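**Q** What follows is a single structure, and I will ask about it in a moment.
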Number of protein chains: 2
Amino acid sequence: MAPVFSFRVLQTDGEARHGEMTTAHGVVPTPAFMPVGTRGAVKGVTSRDLLDAGADIILANTYHLWLRPGDQLIARLGGLHRFMGWDRPILTDSGGFQAFSLGARRVITEDGIRFRSHLDGSEHLLTPEGATDIQAGLGPDIAMVLDECLAQPATADAVRASTERSARWARRCRDRFQAIADAAPSEKGARPLFAEIKGPGPFSGGRQAPLIHAAATDPGTLVTVTNPGQAQFGIIQGGTVPDLRAMSVDRTLAIGFEAYAIGGLSVGEPPDTMYSVVEHTAPLLPAGRPRYLMGVGTPLDIVEAVSRGIDLFDCVMPTRNARNGQVFTSEGRLTIKNAQYADDARPLDPACTCYTCRTYSRAYLRHLFVAGEITASVLNTVHNLRFYLDTMARVRQAIVFGTLETLRRSLRATFSRPLSDS
Amino acid sequence: MAPVFSFRVLQTDGEARHGEMTTAHGVVPTPAFMPVGTRGAVKGVTSRDLLDAGADIILANTYHLWLRPGDQLIARLGGLHRFMGWDRPILTDSGGFQAFSLGARRVITEDGIRFRSHLDGSEHLLTPEGATDIQAGLGPDIAMVLDECLAQPATADAVRASTERSARWARRCRDRFQAIADAAPSEKGARPLFAEIKGPGPFSGGRQAPLIHAAATDPGTLVTVTNPGQAQFGIIQGGTVPDLRAMSVDRTLAIGFEAYAIGGLSVGEPPDTMYSVVEHTAPLLPAGRPRYLMGVGTPLDIVEAVSRGIDLFDCVMPTRNARNGQVFTSEGRLTIKNAQYADDARPLDPACTCYTCRTYSRAYLRHLFVAGEITASVLNTVHNLRFYLDTMARVRQAIVFGTLETLRRSLRATFSRPLSDS
């Protein structure tokens with residue numbers, strides 16, 4: 001079965017686009033922000049909270065789920081959607097970034113990334129084919145190719161060599177993805193791997209009954225497929241060198257993916273450098289496919305990138321900052337543990353209608369944070385996610401009304417100033 | 001304004017009673033279980049989760065809230081209900097038990113309990129009058145008297161002396177409670193302490209506008225009252241000595257409270273000893289008032305106590321065990337981290353309809369627990385609370401239908417066996 005993935009642009013405002021991205025688990029209005037569910041849970045909240053916050057799509061991390069509890073375990077249980085209790089779209093990264101940044105004694109060869117698990121020291125090899133197979137088993141609606149994450153700082157030659165390797169790996173990922181798709185039995189012939197996964201639970205309809213495919217490139221290997229409608233995105237690398245970005249675009253477009261991401265940014269470079277790379281790279285990508293800027297960013301970063309033609313974002317910032325007590329509001333950021341909030345009866349954000357803001361005062365939230373209560377993380381996360389997702393809704397609305405520049409200036413004014421309480 | 005507190009028994013089954021306890025914040029069907037919100041939050045969940053689990057009344061800890069964030073801060077913000085975002089009934093303990101068990105260098109005299117805070121080492125004196133004043137400021141619907149918690153083991157003489165002191169302290173608590181009530185301005189003359197607490201939030205209706213009362217017993221002291229409808233419960237002490245329990249009942253009834261609790265149990269004695277003390281003591285208490293067994297217990301303990309005439313319970317067990325990965329189910333307890341659940345697609349409890357059981361598998365919950373995800377605590381707590389509160393609903397129903405003995409035997413069979421996975 002071919003991916004059901006599609007995208008159409010409904011409205012533009014300068015380079016910014018408002019569109020609809022259709023996946024095997026539903027439609028995502030873009031520009032969209034993906035909350036990060038590293039280990040199969042967005043930290044501190046439940047699927048119900050995510051729906052309540054307005055999440056249309058979430059991201060999960062292949063590296064973490066592969067090592068624990070294991071992609072095959074998740075596949076046996078029907079795939080990531082059922083495992084996580086989330087029946088809307090999911091995107092998974094390829095696992096490469098975490099293998100680079102968390103794995104010990106990592107060695108990168110043309111074959112792939114060899115490393116030792118941060119959990120138990122066991123040795124693993126992550127290849128382009130392996131990353132594709134693992135994601136076939138996890139069953140997100142969007143899988144990412146394995147690319148090489150270059151250690152910074154890097155020489156121009158090193159960036160070029162890495163970009164070329166990433167392109168070769170992308171080719172291998174696509175070949176594997178196609179081989180798995182080509183080997184798929186007809187829908188009629190699909191056979192469930194484990195009958196018991198059709199048990200209780202909201203996702204037992206069988207739409208994603210796992211299949212066993214023999215991957216054509218490696219006849220001896222059985223690949224589990226839990227989402228036959230999966231799409232695969234390529235990733236543009238090339239550091240901050242315009243020519244290499246352009247070369248990466250050429251090489252990646254020549255392979256052909258359902259859509260394209262810009263990787264290798266938000267790794268410590270100044271914001272203006274990132275904006276510049278995005279501004280140079282986004283127009284080289286097909287207008288009819290969504291563009292995903294990986295790992296970005298602050299609310300301001302997001303609007304700056306949208307105004308340069310980006311459609312999809314993910315970042316741990318709203319959830320991680322929430323657990324650390326930093327809250328995003330329409331008036332800027334605030335640090336809830338500060339003494340000035342001890343007696344403050346106002347909600348975190350008077351303009352917000354999330355459960356936290358409807359129910360609790362800053363004084364209460366400060367108390368919970370200072371006391372180390374788990375509920376502090378829950379309530380701050382509920383709010384920060386709503387703030388991010390509300391911001392995306394305002395971005396989409398601004399594109400429809402042709403007022404994105406006004407929104408961009410407003411967010412710049414709000415988030416360029418120092419913390420409201422610093 | 002006199003307490004609005006009342007109680008009526010609707011049905012009995014042997015010694016067990018099903019009734020309705022009316023408080024300033026609504027009616028509680030009894031027998032009832034109170035989830036414990038130590039520091040103003042039931043650990044890991046929100047008020048919304050508590051409503052969803054079926055909680056009618058919760059307990060908060062005076063000691064913790066007094067030391068941090070402070071009873072006066074909570075009073076300025078309108079009282080504990082508004083602070084916690086919970087507009088149903090609340091009961092607070094007196095703080096004595098925690099001052100004994102958490103405070104450092106504690107010295108008990110006739111005056112009260114002198115101790116150093118476990119937070120910052122600061123010295124505090126908790127007197128019967130102080131415990132009453134603090135609870136007046138916090139504004140629960142039910143306040144408890146300060147009693148002396150006796151270190152175990154204790155001689156019969158020590159138990160007697162302690163029981164007598166508790167009775168004298170109960171007298172002082174009641175005197176203070178009455179003085180505060182007598183000093184209350186008329187409803188018409190009630191004046192809000194802080195105008196700004198009438199800001200946003202669901203509890204701004206002004207029903208609990210804070211008042212300043214001059215307490216008659218100590219004309220120099222202003223006591224803040226945030227819940228004029230507050231009731232006060234006495235506590236029966238006397239250890240495991242029947243005569244001392246009877247003496248304590250006599251002394252406490254002679255003072256007269258809205259209702260009575262049995263204290264000094266669930267402190268390490270064998271279950272049969274506890275049941276025996278309850279069986280001896282409960283019938284000595286007025287049939288027309290609710291009876292509260294403090295700090296109890298397991299589902300089986302609760303049903304055993306109900307069948308001996310108890311109406312109210314609190315215990316950290318469902319919430320604490322949830323965070324430690326121990327889950328209560330209709331088939332007994334299970335320890336979610338055990339390897340046998342790694343691949344288990346079933347919900348925690350096939351008979352449960354809580355959000356956790358409707359949405360997630362044991363395999364997923366095991367994964368989250370092993371990975372140390374906060375969401376594991378949230379989801380296990382949601383389930384354990386529902387299990388306890390569903391059990392109370394079944395207890396009430398069994399009393400109505402005269403089948404409590406059948407339920408008691410069933411729970412004994414379920415919870416007397418070893419852990420299902422041990």
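**Q** For B:Thr92, all conditions in the list (1) at pLDDT below 95; (2) in contact with a Ser or Thr (Cβ under 7 Å, 6 or more places away or on another chain); (3) within 30 Å of A:Tyr355 (Cβ to Cβ) hold save one; what is the number of the exception?
**A** (1)
**Q** Please give the number of the condition B:Arg116 fails out of (1) in contact with a His (Cβ under 6 Å, 6 or more places away or on another chain); (2) away from every other protein chain (no Cβ under 14 Å).
**A** Answer for B:Arg116: the failing condition is (1).
**Q** Right, here's the next one. How about the stretch A:59-85: which of its residues are at the interface with another protein chain (Cβ under 9 Å from one of its Cβ atoms) and among the aromatic types (Phe, Trp, Tyr)?
**A** Once the filter is applied, which keeps residues that are at the interface with another protein chain (Cβ under 9 Å from one of its Cβ atoms) and among the aromatic types (Phe, Trp, Tyr), the stretch A:59-85 yields only A:Phe83.
**Q** Let me ask another. Note down all Cβ pairs under 6 Å where the first residue falls in the stretch B:113-124 and is closer than 14 Å to B:Pro69 by Cα, the second is open to solvent by less than 40 Å² (accessible area, probe 1.4 Å) and of a type outside the set (Gly, Ala, Ser), and they're at least six residues apart or on different chains.
**A** Hits for this filter: B:Ser117/B:Leu67; B:Leu119/B:Leu67.
**Q** Considering only residues that are under 16 Å from the mean Cα position of the chain (by Cα) and within 14 Å of chain B (Cβ to nearest Cβ), which ones fall in the stretch A:13-46?
**A** A:Pro35, A:Val36, A:Gly37, A:Thr38, A:Arg39, A:Gly40, A:Ala41, A:Val42, A:Lys43
**Q** Same structure, new question: Within the stretch A:153-174, does at least one residue satisfy the condition of being in a helix (DSSP H, G or I), at pLDDT 90 or above and farther than 27 Å from A:Pro283 by Cβ?
**A** Taking every residue of the stretch A:153-174 in turn, at least one turns out to be in a helix (DSSP H, G or I), at pLDDT 90 or above and farther than 27 Å from A:Pro283 by Cβ.
**Q** Would you say B:Pro290 is out of contact with any helix residue (DSSP H, G or I) (no Cβ under 7 Å at 6 or more places or on another chain) and free of Cβ contacts under 8 Å to residues at least 12 places away in the same chain?
**A** No; evaluated as a whole, the condition is false for this residue.
**Q** Let me ask something else. For the stretch A:331-341, give me the residue count where each residue is away from chain B (no Cβ under 14 Å) and hydrophobic (A, V, I, L, M, F, W, C).
**A** Residues in the stretch A:331-341 being away from chain B (no Cβ under 14 Å) and hydrophobic (A, V, I, L, M, F, W, C): 1 in total.
**Q** Another question, if that's okay. May I ask you to list the residues in the stretch A:9-34 that are assigned to a loop (DSSP other than H, G, I, E, B) and crowded, with 20+ Cβ neighbours inside 10 Å?
**A** Within the stretch A:9-34, A:Ala24, A:His25, A:Pro31 meet the criteria.
**Q** Quick check on the stretch A:342-372: of everything there that is touching a residue at least 40 places away in the same chain (Cβ under 8 Å) and farther than 19 Å from B:His64 by Cβ, which residue is farthest from the other protein chains (Cβ to nearest Cβ)?
**A** Going through the qualifying residues, I end up with A:Cys354.
**Q** Being within 30 Å of A:Gly40 (Cβ to Cβ), within 14 Å of chain B (Cβ to nearest Cβ) and among the aromatic types (Phe, Trp, Tyr) is the requirement here; does A:Phe328 meet it?
**A** The answer is no for A:Phe328.
**Q** Another question about this same structure. Hey, B:Ala181 hits all of (1) under 21 Å from the mean Cα position of the chain (by Cα); (2) closer than 24 Å to B:Val28 by Cβ but one; which does it fall short on?
**A** With (1) under 21 Å from the mean Cα position of the chain (by Cα); (2) closer than 24 Å to B:Val28 by Cβ applied to B:Ala181, the lone miss is (1).
**Q** Among the residues that make up the stretch A:1-8, is at least one of them assigned to a loop (DSSP other than H, G, I, E, B) and of a type in the set (Phe, Trp, Tyr)?
**A** Scanning the stretch A:1-8 turns up at least one residue that is assigned to a loop (DSSP other than H, G, I, E, B) and of a type in the set (Phe, Trp, Tyr).
**Q** Let me ask something else about it. Considering A:Thr375, A:Thr319, A:Thr281, which residue is over 18 Å from the mean Cα position of the chain (by Cα), within 14 Å of chain B (Cβ to nearest Cβ) and among the β-branched types (Val, Ile, Thr)?
**A** Of A:Thr375, A:Thr319, A:Thr281, the one residue that is over 18 Å from the mean Cα position of the chain (by Cα), within 14 Å of chain B (Cβ to nearest Cβ) and among the β-branched types (Val, Ile, Thr) is A:Thr375.
**Q** Name the helices (runs of 4 or more DSSP H) wholly within the stretch A:338-422 that hold at least 2 residues that are of a type outside the set (A, V, I, L, M), open to solvent by less than 10 Å² (accessible area, probe 1.4 Å) and closer than 20 Å to A:Val42 by Cβ?
**A** Hits in the stretch A:338-422: A:374-401.
**Q** Take the stretch A:324-337 and flag every residue that is open to solvent by 10 Å² or more (accessible area, probe 1.4 Å), under 19 Å from A:Phe415 (Cβ atoms) and not small (Gly, Ala, Ser).
**A** If the condition is that a residue be open to solvent by 10 Å² or more (accessible area, probe 1.4 Å), under 19 Å from A:Phe415 (Cβ atoms) and not small (Gly, Ala, Ser), then A:Asn324, A:Gln326, A:Glu331, A:Arg333, A:Thr335 are the ones that fit.
**Q** Would you check if A:Ala60 is modelled with pLDDT under 95 and touching a strand residue (DSSP E or B) at 6+ places or on another chain (Cβ under 7 Å)?
**A** So A:Ala60 fails the test.
The values are calculated or read from the model by the stated rules, or taken from the named source; none is laboratory data. Keep in mind the model is a prediction, meaning the values are calculated, not measured. Ideal geometry is used to build each Cβ from the backbone, glycine not excepted, and the neighbour counts take in all protein chains shown. In case anyone asks, the SASA skips ligands and DNA or RNA and just uses the protein heavy atoms, side chains included. Shrake-Rupley method; radii C 1.70, N 1.55, O 1.52, S 1.80 Å.
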